[in-house]
Amino acid sequence: MKSTFYLFRILIVFFLGSSVQNTYSQSKKEGLKFNSLNSVGLLNGETSSTFTMQTINGISYRKLFAGIGVAIDNYGYRTIPLFLDVRKTFGNRSIQPLLFVDFGIGYHLKTDQLPEKWWNGVRDFTIKNSFCGEWGVGLEKKVGTSSFFVTASYSLKKYAFTQNVYWDIGPQGTTLNQFDYTYNRLVLRMGVRL
C-alpha cells in the first residue's frame, strides 16, 4: 500500500510537470527543451494481447532525450512500471527514425488473485517489485512544435512472488513456494511528443 501511495505521488508530479512545458521550452539558448511523450499501445505475447498506456516526461537536447516514465501494464499480472527512457532521433527531415531504451522497476497492483492474508491472519503472498525493460525502433514526424511517433519494440517484464501455504492438518506450519515469471512481449505504440 505504501509503494502505491508513493507511485501516485510521482504520477501527480509528472502531470504537473507537463503543465510547465512552455517555461522550459523557452530556454532555447542552451538547446534544452522540456518534452512530454504520451502514448498508447498493444502488448502482444505468447499468452495474450493487452492494452498499455505510458507517459514520459524529460529533457531533450538536440537529437537526444532522457526522461522518467510511468505506464500501465496489464500483461500477465498487473503492474505499474516506473522507468528511465533514453531515445535518439536521426536526420533533419520531417520524418525521422528513432532508437530508444527503457529500464526500471515494475510495481505490482493488488488484485483478487493475490490476497494479502488468509482468513486466519497468516500472510498469503509476498510480492516483489521486479525489473522491466523495453528497447526498440520507430519513426517520428514533426508537426509544428509537436511530433507524432510510432514504435515497435521488444519488452521484458519480470514478476515474482512467494506464496505461504498454511496447513493445519497434522503438525501446523507453512510451506513457502517461490514463483518467478519472465514475460517477453512485442509492443506497438503510437503517441505524441509535446
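The values are calculated or read from the model by the stated rules, or taken from the named source; none is laboratory data. Model, not experiment: these values are computed from the prediction. Here the Cβ is made from the backbone with ideal geometry for all residues, glycine too, and neighbour counts use every protein chain on show.
Couple of notes before you dig in:
- Search result, residues across segment 145-157 that are in contact with a strand residue (DSSP E or B) (Cβ under 8 Å, 6 or more places away or on another chain) and farther than 13 Å from Phe83 by Cβ: Ser146, Ser147, Phe148, Phe149, Val150, Thr151, Ala152, Tyr154
- Test result for Phe100, at pLDDT 95 or above and not acidic (Asp, Glu): yes
- Only residues that are among the acidic types (Asp, Glu) and closer than 17 Å to Lys88 by Cβ were counted across segment 35-69, and they come to 0.
- Residue list for segment 168-185, restricted to those being hydrophobic (A, V, I, L, M, F, W, C) and either under 29 Å from Arg78 (Cβ atoms) or at pLDDT 75 or above (or both): Leu176, Phe179
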